[in-house]
Each structure stands twice: as structure tokens, then as C-alpha cells.
Amino acid sequence: MAIKPDLTTDCAGIRSPNPFWLASAPPTNSGEQIMRAFDAGWGGAVWKTLGTPIQNVSSRFGATNYRGTAAIGFNNIELITDRPLDVNFREIAEVKKRYPDHAVIVSLMVETREEWKEIIKRSEDAGADGLELNFGCPHGMCERGMGSAVGQEPKVNERITGWAKEFATVPVLVKLTPNVGDIVPHGIAAQAGGADGVSLINTIKSIIGVDIDRFVPEPRVGGLSTNGGYCGAAVKPIALHMVGALARDFTFELPISGIGGVRDWRDAVEFMLLGAASVQVCTEVMLRGYRIVEDMIEGLTDYMATHGFATIDQLVGKAVPNFSEWGELDLNYETIAKIDAESCIGCQLCVTACHDGAHQCIHPTGDGRVPVIDESECVGCNLCQIVCPVPDCISMVQVDNGFAPATWNQHIGDGAPLRPKKGAH
Amino acid sequence: MSRPPSARSEVVFDDFKPAYTAGQALAEANRCLYCSDAPCIQACPTGIDIPEFIRKIATDNVKGSARTIFEANVLGMSCARVCPVEVLCVGDCVYNHMGIPPIQIGKLQRYATDIAYDKGWSYFSAGEDTGKRVALIGAGPASLACAHALRRMGHACTIFEKRDVVGGLNTTGVAPYKMKADRSQDEVDWILSIGGIEVTTGVEVGRDVSFADLERDFDAIFIGFGLGPDGWLAAEGNKLAGIHGAVEFIERFKLGEVDLDGVERALVIGGGNTAVDAVRELKGLGVANVAMVYRGTEARMSGYAHEWAAAKLENIDAIWQTQPTGFARSGDGLEVTAVKLDADKTPIAGSEHGLPADLVLLAIGQGKLGDLVVDLDGITAEWGRLIVDGDGFTGRPGYYAGGDAANGGKEVVNAAAEGKAAARAIDAWFAADNSLRSPEGGA
């Protein structure tokens, strides 16, 4: 009998009908928006960060485009909520009244212990299911001693997390900044402060571009600009690494809400396999709208059924044991590229890529357009497969070279024999 | 040399392939795979580095894009419009092998070159004066390409054109839904802006100026005089009013106005590209019933399949395997007598029948002009087509040829390539200390 997967999620004690949450950002600016998002299918929403309402600038966003695709990377210099706190809390209460089963997490950013105490009480009074401490914002607020200014200092992080835990009765997530050398001590600091979970990554400090005629970085505010926070599809690899780095650390034990470049169900699955119990999405919703969640739910459900996962916790962290260190990789594992001549269209992008960017082992034949791979020189780097425009035309095939598996650590420690190097002339 | 008048029947035509907007061009340019050793380049007679110019559109380097095009083909603006890309670059796009629409190279080339024209970007300057002078016969694409290349090398050029209009078939013959006469004139002006190319119109070499005169005054000669008049059907009544040569008729509505009042039904005799152009043009000019009459089958017609497919979509008929045998007046129009042909193009006995028509265009080929020069020692022609080597050399020292005069009637892009190749050969010949005017180089 086919499995009917249950998408119900419990992340750090915050329950939601599915693991898809809207991240704290413009899509969660108001109750009206969040209710529409819940109607579309979102399981939870992290309310746009509350604190002392600010004044924003005009011109707030910028984007990195690639070959006609808009906004593969995105950047913003917008700050926390600019709406009165009374209005925000009234709307939170209204949302919770109408959507009692959905998760409403309130993102917070204030300075003093007293301010934390008051804003946490008001959030809980409004019905918040959880709190997210914004220790990550890398622009504007950090100049005022908040956001990433907190998140970059483990001791400050731990202290303020401790205040929040002192006052809160609902679960507390600490949102971490990626603008650090190693994410692990910062997750540990939140854990030491008593956090119930962490969410990461916040945005990456960035300059999205420069107006080359006006000589001003973008986004341009009059004649000046400032650094923003980078997000969107392009940051996913960085976020995946940081999520995985915490998940595999033996001293870190908190649940993780994964954020950073999630566009679709497949991205979400990747985050979950590397340890995220829920995923948060912002940029793709800003670009395409709340409606993207329908595909996310359907895709995740089908994926879980295909792999036999009945519940979310069965897949969370499934890839973490396989995220290791270079020294543990099998140096005798060997692959080579194979071209399917039937489906090859003869563009020879693999020829140029291999010649200019790899190991000069793919050659035009001179007879027809299908290139030939010199397998004695192919190091199995994948570049040809990456540039090939035809699905499944180039495959990386494992070769039995007769050598037993041997890692660098085994080679150094036990003298395990390594296969001869290829392409190392 | 005069610009085409504004009153021309051809102005009623819209572009069959409309110009790209910037957004369309960017979207299409970004689809290009940027192939290595790309098949589209190999398919282009002028060898334009197509992936490179397309990438430059995508990176907002349109000025550089047009430079890449013009460096290979100074007639890149007209070729973008008139090239049969379906059987050249676009036909060889690797996307065809993937079942994905091929890159619209012609439209992208038009985008870049139109912007270059509109912005007035200039890319070329004449080379340092070498003192050498080259005479070019005919002011069509072959001579223009040759003269422009020669000027970059520093050789002075004089083009002799027997007509008043310049640009050859680009001006007088291109289907108006591809390019109109005034746009061809824009290209002529743009090419001549390099300076040092004198164009003498209304002068026919062989009649007004002798080859002996040219050999006395010039160091080399390029023959780019194209094709001759329309071929004529040997059939009774073939001189009746209402029967015209297709090329001559097309020139009339491209350079002026034709009166098609009362023409309800037109027949175009032939199955080549001129015939396909002519039927589409007559339809576009408002003739209700237009049909092509061809001796062979649809599969064997020499006109491009993609052009004929477009004609069929315009409700143009064809009468296959049919040979006109005579013409007679019938009321206000004509009665064309015809026979059906079998697969070997042999008349079928008893198949004689009549076809009514108000207008008949003959598109059965054009005469070749090679006979005008075969009396010069060393120059040979085959069926009127000049025999040349790969560089356009005729066999008579100092005499080169290209374009339709030498290839028998191909595309503008072939003329552009051949003109440029001849210029390189002429320059090399000069570099070896040759000249028609010098003892060692003279005939």
C-alpha cells in the first residue's frame, strides 16, 4: 500500500501543517499578506521583524541577472518593520484567531533587556507560536548595534538569547548571520543561551552591482549606496553548507530552520536532508508570489512517497552522515565522462570547456561533430557534463581500476596504496 | 546616382520577419549556446563569427556586435534581411538537432546592424593611399564589398554602373517584404562613407568606356556586373502586352509604381526563387488570384522550400508539371495555352489546355553577361558565367570577378564573400609588384 506522507512539522516545538514557512521579510509585512499566504498553503510565517519602527530609504532592492534570467541573486537595504507596533500586534492576533493551526513566529530586534522583555510579552499576548531573534541583518540595523552586530559576537548572542529565554514561554529561535568565518561557534552560543532552535542563514553582506555611468553602487539612493544583504537562488550553496556544518557538529543539538535560496520543493528537500526541520522562503516569493507553495507541497509529498518517508522527521538529516571531510573521501574512486553520440547535438561546448577549463582530454573528431574523450586523460571532473545543454548526453561513469578504496587519512596513516594520478603531467 | 523615389508600389509591404525589440533580441541572444567552432559560422559564406556577435548583444555590447558582423561582411545589414538563413546559418544551428527552435540569427544580425546604422557608428577608415587604382564594373553587392575591402587596403576605387541606381539587385530585386530599395540605398551610402570610392552611373563599360581605356587608367579590374535580362519563353505570342520578365517587373514596382488595376489573375512561369518572390509580391500588391506555373513537381522546384511554404500560407496556387506553349489575346486578358508534362518533363499527348490570365511574368532565369568579356584573352565563360578560381581570378592578369557574373546567380552573401576574396587577391597581386598599367603586369 502506498504511503500517504504526513507533512506535519514540529521545528523546535513550533508546529505547522507543513515545513514551508515564509521568512521574515516583505512577504510577511502584514496580517493581510500572511492570511493570503496561509490560504495559498504556507504552513507558517515569520513576521517581519518588530522593533522600534524605522524609516526606510527609497530604492531598496537590487538583483544579479544571468543570461536573461532576472534575479538569480537578490539584495536589499530595507530595515525592520516601519509600521506601528500596535498595528502589528493587532494583526498578529487576528491572524492567529483565523488560522489557529498555522505557525506564526514573530521576529524581534530591540536593544535593551527591558525592551526585549516588553516586546516578547506583547508578542506572546498577541498569540505568537514562537519567537525568532534577528541577530543577522547585515545592513543598517547593525550600525545601531543590532542585527548582525549581535550575531557576530558569540558572547552577545548568548547573553541576549538568555534574556529572551528568561522572558519567553513559547519556543525561541535564534536567526544566525552567515557573515562569520565559521558558523558553528555562533550556533553553539545560541544553544548556550538556551535557544530552542536556530534559523539560518540571514543575508550575506554584499554590493549587488555598480551603476557604471554614475559611478555609484546599487541600489542607488540619490548619489550614494551602502552594502546590502544578499539572498536568492545564488546563496543556496552557502546556506546549505552552514546548515550542514551545524547539523553534523557533535556539540550542536538544536533543531534548525533552513533559509537561503530555497525556490522549490527540491531545494527544500536538500535543506531537510542536511538537517533543516523546516525551511523558510523569501526571495522566490517576492519574485513569483505565494502561489509557489502549491508545487512545493506536491513535490515534497511525492518525493516522500517515492522514498518511503511517512513523516518529515524521517528525512530530516538523512544526508548529514554523508557530509564529511576531504580527508575521508576515497581517492581510488574513479569516474570518466562518456558522451552519448545519439543525443549529442555537436555544440562542442564540452570541447572548449575541457580544453580551456579542465584537462584537455575532449577533442573534436574532425569527422562529424561528436567529440571524442581521451579516457586515459579524463580525470572525471564533471565540467563537460555541467556545460552540456542536452540532458543525459554526458554521463560520469565509474571505472573499476582494481584499487581498494583508500582515503587520504588512510594513506597517510596506514600507507594505503593510491591509484596512479591522471592528467598530472 | 539617385535615391529611389518615395512613390513606389513596394511600400505597401510589411516586413515578413519584423525587427526585434530590445527585449526580444536579448531573450533570443541569451538562448545561444555559444558553440565551439560553431556550425553556423561554417554555413556562412562570409564566415561571420555568429556566436560572438550574438554574445555581444547579450552583454549589451551592440557596437562590438555590429563590428564583428561588418568585419566579416560589410553588407551585413542587407544580408541580415535577405539571406536565406533557413538553409545557411539557422539551418545549421545545433538546436535543430535537439528539436528546439534554432536561434534567429538573421533577426539578431538585423538588430545589431540596424542599431549601428541608426547610431551612425563608423568602424572603418581607408588605408594609407597606395597609388593603385581599381575599376569595378557594376555597382552591386560584389563590387561594393570588393571596393570597400580595397579601400581599407588603401587602393582607390572607381565603380562603373550602367544604371542610375546603385546597389544592384539589393536595390532593384530584393523582395520588398525583406528589404525595400531605400534601405539598400542606405547601405550603399554607409559603405561609400569610407571615402575614396567613386561611383560613375550611367556609364556602360564596353559601350561608353572600353576595356582598353580601363587598362590604361587602372591597375586592376573587378567584374561584378551580375546577370543579364530575363530569359524569354520561346512560344507563340510571347511578345503580347501583359507578358513581362519577372526581374524587370519587380524592378518597376521597387523603383516606381505599377498599375495592377483590372488584374484579377496572374501567372508566374517558373519554379525558382524569382518565381516564388514574384507570386508573393503580386499577391501582396493586391492581385486576387496568383499561381505559379512550373514544369516539374513541388519536390523538384529550385525555389527554397521555406519560401514556397510561406507562399502557400498566403493562398498562392501552383500549377505543377505544366509547360506554357503559346499566348493569345482573350477579351481584355490573355489565354495561355499549356500542356501537362510527365515525370520526365515530356509533354503528355492530348493534355493541351488553356489558362486565363490578365498578367504573365516570366521567371525562367536571367541571361548571363560573360559574353561581354570573353573576347579578352585569358577570360573564359561557361554558359555565359565567368570562370574564376577561388580568389575570383579570371585567368587574365589583373582581371577578377565575383557575384552573379561568376557564380551564375547566388545570394547577396555569396557576392559579398567573393568581392572580399577578390580584393585580397588583387591586393596580393599588387604586393607582388603587378599592375595592368605596368609592363610586367600588363596583358
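The values are calculated or read from the model by the stated rules, or taken from the named source; none is laboratory data. Since the structure is predicted, the reported quantities are computational estimates derived from the model, not experimental observations. Ideal geometry is used to build each Cβ from the backbone, glycine not excepted, and the neighbour counts take in all protein chains shown. Remember, those area values only see protein heavy atoms, side chains included, never the ligands or the DNA or RNA. Shrake-Rupley method; radii C 1.70, N 1.55, O 1.52, S 1.80 Å.
Structure data summary
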quantity: Area accessible to solvent at A:K97, 1.4 Å probe radius, in Å²; calculated: 150
quantity: Dipole in debye (nearest 20) - segment A:9-322, about Cα centre, beta carbon charges: Lys, Arg +1; Asp, Glu -1; calculated: 360
quantity: Nearest-20 debye value, the protein assembly as shown charge dipole, Cβ charges on Lys, Arg, Asp, Glu; calculated: 1260
quantity: Dimensions (Å) - segment B:120-234, Cα atoms, principal axes, largest first; calculated: 50, 40, 17
quantity: Amide H partners (placed H, <5 Å) of B:Q366, local residues excluded; calculated: B:G231
quantity: Extent along principal axes [Cα atoms of chain A; Å; largest to smallest]; calculated: 74, 55, 46
quantity: Which of B:L341, B:I269, B:L285, positive extreme of dipole for segment B:230-366 (C-beta unit charges); calculated: B:L341
quantity: For B:F124, net neighbour charge (Lys/Arg +1, Asp/Glu -1) across residues whose Cβ lies under 12 Å away; calculated: +2
quantity: Those residues of segment A:341-371 for which accessible area with every protein chain present is at least 30 Å² below the isolated value (1.4 Å probe); calculated: A:I345, A:C347, A:L349, A:R369
quantity: Rg ratio (alpha-carbon, reference 2.2 N^0.38 Å) - segment A:219-265; calculated: 1.61
quantity: Pairwise burial A:B, computed as accessible area of each alone minus the pair, summed, 1.4 Å, Å²; calculated: 1000
quantity: Heavy-atom accessible area order for B:D114, A:D82, largest first, 1.4 Å probe; calculated: A:D82, B:D114
quantity: Structure-based [θ]222 nm, the protein assembly as shown - -39500 (n - 2.57) summed over DSSP H runs of at least 4, per residue, nearest 500; calculated: -9500 deg cm²/dmol
quantity: Range of Cα positions in segment B:273-334 per principal axis (Å), largest first; calculated: 37, 26, 16
quantity: Simple spin-label estimate for B:W383 and B:D14 in nanometres, 7 Å along Cα-Cβ; calculated: 4.0
quantity: Accessible surface of A:M242 - all protein chains present, 1.4 Å probe, nearest 10 Å²; calculated: 20
quantity: Of all accessible heavy-atom area on chain B, the percent that carbon and sulfur account for (1.4 Å); calculated: 49
quantity: Dipole axis of the protein assembly as shown (+1 Lys, Arg; -1 Asp, Glu on Cβ), positive-most option in A:S343, B:G367, B:G398; calculated: A:S343
quantity: Partner lysines for B:K420 [C-alpha distance under 16 Å; skip if fewer than 8 residues away on the same chain]; calculated: B:K410
quantity: Environment charge at A:G147 (Cβ cut-off 13 Å; Lys +1, Arg +1, Asp -1, Glu -1); calculated: -2
quantity: Most fluctuating residue given options A:Q410, A:Q280, A:Q360, as computed from a GNM of chain A linking Cα atoms under 10 Å; calculated: A:Q360
quantity: Distance between segment B:374-440 and segment B:14-61 - C-alpha centres, whole angstrom; calculated: 32
quantity: Cα pair distances of chain B binned at 20 Å [whole percent]; calculated: 25, 53, 21, 0
quantity: Length-normalised contact order for chain B - Cα pairs under 8 Å, 6+ apart - percent; calculated: 17
quantity: Alpha-carbon centroid distance for the pair segment A:146-185 / segment B:107-145, whole angstrom; calculated: 68
quantity: Per-selection metrics, segment A:328-414 (Cα): Rg and Dmax in Å; calculated: 14.9, 50
quantity: Cβ-based net charge around A:T169, under 12 Å, with every Lys or Arg adding one and every Asp or Glu removing one; calculated: -3
quantity: Dipole magnitude of segment B:344-443, debye to nearest 20 (Cβ charges: Lys/Arg +1, Asp/Glu -1, about Cα centre); calculated: 140
quantity: Those residues of segment B:28-71 for which accessible area with every protein chain present is at least 40 Å² below the isolated value (1.4 Å probe); calculated: B:N30, B:L33, B:S36
quantity: Inter-part distance where segment B:214-268 and segment A:318-351 are each reduced to a Cα centre, Å; calculated: 64
quantity: Per-residue HN-Hα couplings for segment A:54-71 [Karplus 6.51, -1.76, 1.60; θ = phi - 60°; Hz; x = Gly/Pro]; calculated: 10, 10, 8, 8, 8, 6, 10, 10, x, 9, 9, 9, 9, 6, x, 9, 6, 6
quantity: Sequence-distant residues sharing a close amide H with A:V172 (under 5 Å, placed H); calculated: A:L131, A:D196, A:G197
quantity: Beta bridges by DSSP in chain B, antiparallel share as percent, to the nearest 5; calculated: 35
quantity: Kirkwood Rh in Å, taken over all unlike Cα pairs in segment B:230-366; calculated: 14.8
quantity: Over chain A, relative contact order from alpha-carbon pairs under 8 Å, at least 6 apart, %; calculated: 14
quantity: Counting all C-alpha pairs of segment A:6-55, share separated by more than 14 Å (%); calculated: 53
quantity: Cα-based convex hull, the protein assembly as shown, per residue volume (Å³, whole number); calculated: 258
quantity: Residue-normalised accessible area of the protein assembly as shown, expressed per residue, 1.4 Å probe, Å²; calculated: 43
quantity: Coil-residue GluC sites (Glu not before Pro) of segment A:239-325, DSSP, other Cβ within 10 Å capped at 15; calculated: A:E253, A:E325
quantity: Alpha-carbon Rg/Rh ratio, for segment A:269-425, with Rh computed the Kirkwood way; calculated: 1.08
quantity: Antiparallel content of DSSP bridges confined to segment B:230-366, in %, to 5; calculated: 50
quantity: Choice from A:D330, A:D295, A:D129 showing the highest fluctuation, given a GNM over chain A with Cα pairs closer than 10 Å; calculated: A:D330
quantity: Folded to 0 to 90 degrees: helix A:113-126 orientation relative to chain A principal axis, Cα; calculated: 90
quantity: Distant-in-sequence amide H partners of A:V372 (H built 1.01 Å from N, under 5 Å); calculated: A:H363, A:T365
quantity: C-alpha long axis of helix A:236-247 to longest principal axis of chain A, angle in °; calculated: 80
quantity: Relative contact order (%) - criterion: Cα under 8 Å, at least six apart; region: segment A:227-311; calculated: 28
quantity: Antiparallel DSSP beta bridges within the protein assembly as shown, percent to nearest 5; calculated: 40
quantity: Charge dipole of segment B:17-119 about the Cα centre (unit charges at C-beta), most positive-ward option of B:I115, B:G47, B:Y95; calculated: B:I115
quantity: Projected area, mean over directions - segment B:17-119, Cα convex hull, nm²; calculated: 5.8
